[in-house]
Amino acid sequence: MIIVAFDGLTKSYGHTPALGGVSFDVPSGEIFGLLGPNGAGKSTLIRILMDIIRPDEGRVLLFGEPRTRAHLDRLGYLPEERGLYTKLPVVEVMTYFGALKGLTRAESRRRALEWLEKVELPHVASWKIERLSKGMSQKVQIAATLLSDPEVCVLDEPTTGLDPVNVRLVQDLLVERRRNGRTTILSTHQMNQVEALCDRVALINQGKLVVYGEVGEVRRRYSRPEVRIAVRGPLPPVALAVAPVQEDDGTWRVTISNGAQPGDLLRALVEAGAAIDRFEPMLAPMEDIFLRVVGEGRA
Ligand code: ADP
């Protein structure tokens, strides 16, 4: 089921074009990566989704219907510009966030305390916001965004600036959302995170959608026909294996000759008597795909 559909979105700020007709679907229950270089139009797209700005043309469908203000209770948003400068206690601010999304104050407060536990900050409940460190403040805001359990949540660079332990903690929260059938749109520049977490991506460049698809499928699409092979003993010469190169760790990197599939090479090697421990088609890293596609756009 498609939970968010962007349909022909166009937006300019004065004479500056930001989106030039962007359409794509976000399926329900996925962690969806929204990628693109600075200035590509990601924030503009998100602001249109959140009804903060209007598109010049096009529309957003949510839950299969044209988006209305009533839908906004079912959306969560962690913007990139963060920072809550206030003397109010943490739990009060979080309770307020939940109440904005339609929770009763009592329920919202209960969840705020539960979410402070989840982000390993139960001791800060009564602290004033201004006393939080940057990382603490970031986790509090993530918790405040997620505590209403929004069906669709947009998180703009949620882990930037966090240490590896906290990055993992936040990633686990997103995986838990997916397990519960919730949809998360993750805007990030961290391509390792995309590979680790995202089911699908949309890459925007200069206001246009340039790559869209499941992460594995996109990586295969941009991959060279290469495999990595660990073999006991020598690698037998076979016609399908072009230019084998042995890496420092002893594994082989082999280009598959024109048009053949990895399975063909594997069969040929086994028939030639190779004792294969590992055979992995090499997928293009998301970072390479990003650099290639964005670089082509600049050329
Ligand atoms: P991203 O989030 O991918 O970095 P943005 O959506 O913020 O991209 O920006 C897309 C383009 O629109 C950029 O050229 C940017 O300079 C321009 N832009 C964004 N917001 C405004 C604004 N409020 N006024 C004028 N231009 C803007």
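Which percent of the accessible area of segment 224-282 is formed by carbon and sulfur heavy atoms (probe 1.4 angstrom)? Mind showing how you got there, number by number?
Details: 1860 of 3580 Å².
That share works out to 52 percent.
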Apply the Karplus parameterisation 6.51 cos²θ - 1.76 cosθ + 1.60, with θ equal to phi minus 60°, to every residue of segment 284-298 and state each ³J(HN,Hα) to the nearest whole Hz, in sequence, with x for glycine and proline. 4, x, 4, 4, 5, 5, 4, 5, 5, 5, 5, x, 4, x, 7
Would you calculate, for the chain, the mean residue ellipticity at 222 nm contributed by helices, counting each DSSP H stretch of 4 or more residues as -39,500 (n - 2.57) and dividing by all residues, to the nearest 500? -10000 deg cm²/dmol
What angle do you read, to the nearest 10 degrees and between 0 and 90, between the alpha-carbon axis of helix 164-179 and the longest principal axis of the chain? 90
Given the C-alpha centroids of segment 208-244 and segment 148-166, what is the distance between them in whole angstrom? 32
Taking just the alpha-carbon atoms of segment 215-295, what radius of gyration and Dmax come out, in angstrom? 13.6, 44
Of Ser187, Leu147, Gly250, farthest towards positive along the dipole that unit charges on Lys, Arg, Asp, Glu beta carbons give the chain: Leu147
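Full-extension gain between Ser12 and Val175, please, as 0.36 nm times their residue separation minus the C-alpha to C-alpha distance.
55.2 nm
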Sorted by chain and then number, the residues having a modelled amide H within less than 5 Å of the amide H of Asn205, at least 5 places away or on another chain, are Val210
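Order these peptides, 117-129, 283-295, 143-155, by their mean beta-carbon neighbour count within 10 angstrom, highest first. Before the final figure, lay out each step's value.
Values: 117-129: 15.4, 283-295: 17.0, 143-155: 22.9.
Order by mean packing, descending: 143-155, 283-295, 117-129.
Return the carbon/sulfur percentage of the accessible area of segment 1-105, one whole number, probe 1.4 Å, all protein chains in place.
Values: 2730 of 5090 Å².
Exposed carbon and sulfur together represent 54 percent of the surface.
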Let me make sure I get this right: for segment 194-252, a, b and c are the square roots of the gyration tensor eigenvalues over alpha carbons, sorted descending. Under 1.5 in a/c it's rounded, otherwise prolate if a/b > b/c, else oblate. Which is it? prolate
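Roughly how many Å² is the accessible area per residue of the chain, as a whole number, for a 1.4 Å probe? If you can, show how the numbers build up before the last one.
On the way: 14850 Å² over 299 residues.
Counting only protein heavy atoms, the per-residue value for the chain is 50 Å².
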Most to least packed among 194-202, 102-110 [average Cβ atoms within 10 Å]: 194-202, 102-110
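Computed over the Cα atoms, what is the radius of gyration of the chain divided by 2.2 N^0.38 Å, N being its residue count?
Values: Rg = 23.2 Å, N = 299, 2.2 N^0.38 = 19.2 Å.
Output field value: 1.21.
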Between Met1 and Arg69, the FRET efficiency computed from the C-beta separation at R0 = 22 Å comes out, to the nearest 0.05, as 0.50
Select from Ala106, Phe63, Gly213 the residue farthest towards the positive end of the dipole of segment 2-219; place +1 on Cβ of Lys and Arg, -1 on Cβ of Asp and Glu, and compute about the Cα centre. Ala106
Virtual spin-label span in nm between Gln246 and Ala272, 7 Å along Cα→Cβ: 1.5
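The values are calculated or read from the model by the stated rules, or taken from the named source; none is laboratory data. All figures in this text were calculated on a predicted structure; none of them were measured in a lab. With ideal geometry, Cβ positions are generated from the backbone for all residues, glycine too; neighbour counts draw on all protein chains shown. What goes into the accessible areas is simple: the full protein's heavy atoms, side chains included, and nothing from ligands, DNA or RNA. Shrake-Rupley method; radii C 1.70, N 1.55, O 1.52, S 1.80 Å.
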